[in-house]
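These notes concern the structure reproduced below.
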Amino acid sequence: MKAKRILALLLAMMMVFMLAACSSDKKEDTSASSSTDSSTSAEKKEEPKKEEKKEEPKKEEKKEEPKKEETAPAAEENENITIECLFSNHDSQPYTEATWLLPKKALEKFNITMNMNAIPSASFEEKKNTTLASGEIPDLVMGVAKSVCDEYGKLGMFMNFMNYIDIMPNMAKIMDEYPTLKAYMPSENEMYAQASQITTAGAVNTACYFIPMIRMDIMNELGLSQWESYDEFYDVLAAMKTKYPDSYPWVNRQGIAFIISVFAPGLGIDSFPSGLSSTGWGVWKEDSKSFTSIMDEPNFKEWVIFMNKLYNDGLLDPSYATDDTQTWESKIVSGAGFFACDYFARPEM
């Protein structure tokens, strides 16, 4: 049963890759189905041949064969297996059973029931840390940093996917197709976490997942127009600071990953740091078909200088890298700040 449970977990986790590459999944699915069907039909063809030679009249034996198959291990492999899943649930994108595809596909394809334990995002970190420290870890944990997975994985608390790569053809295929996934391997033979997002050429287009947002009522009050350059953007924030001196016009949360994901296209940098659990600080070079460090980009240096100027002039909240979601939200609601970069669902909130 333990072996079955390990296989079930692997199959469930593979769904992340399979859903990210639907076309390849369908091909794999088709070949797997045809392989199973052909082996089954082959077995059925072989049985009658033996019966025809030995006891041709005995038709009853043909009926008995299926009965034996019903109690065979193959039938047991189709029994339902339940796994516990822990993940962070945020009000801006709440978990709903109707819209989550993964549990449905796991049940449909592998007869795996996923018990989704949605933990409010405000208390998820504490819950996650307590759970990891206790050693009583759920079967599947979503939203754990790669560094944490590597640390606990080396202690044997998370499965090493590379130990099972020979029975995961879909995962092996996707890793060959997207070499950047190997950034998740702390060594050649280890991999304790899987990516929820894949950084590839053109991935900068997915930066629309995060957007800039600003209080238009304040813009209209001050007669400000949409900016078209960094200098004009600075002037907008400066005007807001002049009108509301106790504010920091730009308030932010969770460091600079969100910010650069939004600003990278305007800087001419093909980078999406919020992908790959904030390990994607590489820049894709289309001409050489390779990744380089964002630290080598001249425009990135100019951007850092610009951000430093905003910080020194009181236009960027000094707590931009340390504020949690609740603190940041309270600043937006109370009018302590007017501009931010965050999920596209935030303006509706």
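The values are calculated or read from the model by the stated rules, or taken from the named source; none is laboratory data. Note that the coordinates shown come from a computational prediction; the quantities given were computed from them, not determined experimentally. For neighbour counting, all protein chains shown are included, and Cβ atoms are generated from backbone atoms with ideal geometry for every residue, glycine included. The accessibility values were calculated without ligands, DNA or RNA, using every heavy atom of the protein model including side chains. Shrake-Rupley method; radii C 1.70, N 1.55, O 1.52, S 1.80 Å.
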Note to self: Tell me which helices (runs of 4 or more DSSP H) are completely within the range 255-349 and hold 2 or more residues being in contact (Cβ under 8 Å) with a residue 40 or more places away in the chain and under 23 Å from the mean Cα position of the chain (by Cα), or say none if there are none.
What the structure shows: 257-263, 325-334
Next item on the list: Test each condition in (1) touching a Cys at 6+ places or on another chain (Cβ under 9 Å); (2) open to solvent by 20 Å² or more (accessible area, probe 1.4 Å) for N252 and report the one that comes out false.
Entry: (2)
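Working only within the range 235-253, note down all residues that are closer than 15 Å to G223 by Cα and either hydroxyl-bearing (S, T, Y) or assigned to a loop (DSSP other than H, G, I, E, B) (or both).
Kept after step one, since they are closer than 15 Å to G223 by Cα, are these residues of the range 235-253: 235-244.
The answer is T242, Y244.
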Item checked: Residue count, the range 81-121 (criterion: at pLDDT 90 or above and in a loop (DSSP other than H, G, I, E, B)) -> 1
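Answer with yes or no whether I305 is of a type outside the set (K, R) and open to solvent by less than 20 Å² (accessible area, probe 1.4 Å).
no
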Next item on the list: Output the number of the condition that A74 fails; it satisfies all remaining conditions of (1) modelled with pLDDT under 85; (2) touching a Phe, Trp or Tyr at 6+ places or on another chain (Cβ under 7 Å); (3) of a type in the set (A, V, I, L, M).
Entry: (2)
Notebook entry, point to check: So is D313 modelled with pLDDT under 85 and more than 24 Å from S196 (Cα to Cα) or not?
Noted result: no
Notebook entry, point to check: Counting only residues that are surrounded by 16 or more Cβ atoms within 10 Å (Cβ to Cβ) and modelled with pLDDT under 85, how many does the range 147-182 have?
Noted result: 3
Check: Would the range 295-303 turn up any residue that is at pLDDT below 90, of a type in the set (A, V, I, L, M) and farther than 15 Å from L267 by Cβ?
Finding: no
Note to self: Quick check on the range 158-171. Is at least one of its residues free of Cβ contacts under 8 Å to residues at least 60 places away in the same chain, within 22 Å of E190 (Cα to Cα) and in a loop (DSSP other than H, G, I, E, B)?
What the structure shows: yes
Notebook entry, point to check: Between residues in the range 97-109 that are under 15 Å from I81 (Cα atoms) and residues that are of a type in the set (S, T, N, Q) and outside any helix (DSSP H, G or I), which pairs lie under 8 Å by C-beta distance while being six or more apart or on different chains?
Noted result: P103/T113; A106/T113; L107/T113
Next item on the list: Taking the options S271, S330, S290, name whichever one is open to solvent by less than 50 Å² (accessible area, probe 1.4 Å), closer than 25 Å to G143 by Cβ and either touching a Cys at 6+ places or on another chain (Cβ under 7 Å) or not basic (K, R) (or both).
Entry: S271
Notebook entry, point to check: Which of the residues belonging to the range 125-157 are among the polar types (S, T, N, Q) and in contact (Cβ under 8 Å) with a residue 40 or more places away in the chain?
Noted result: T131
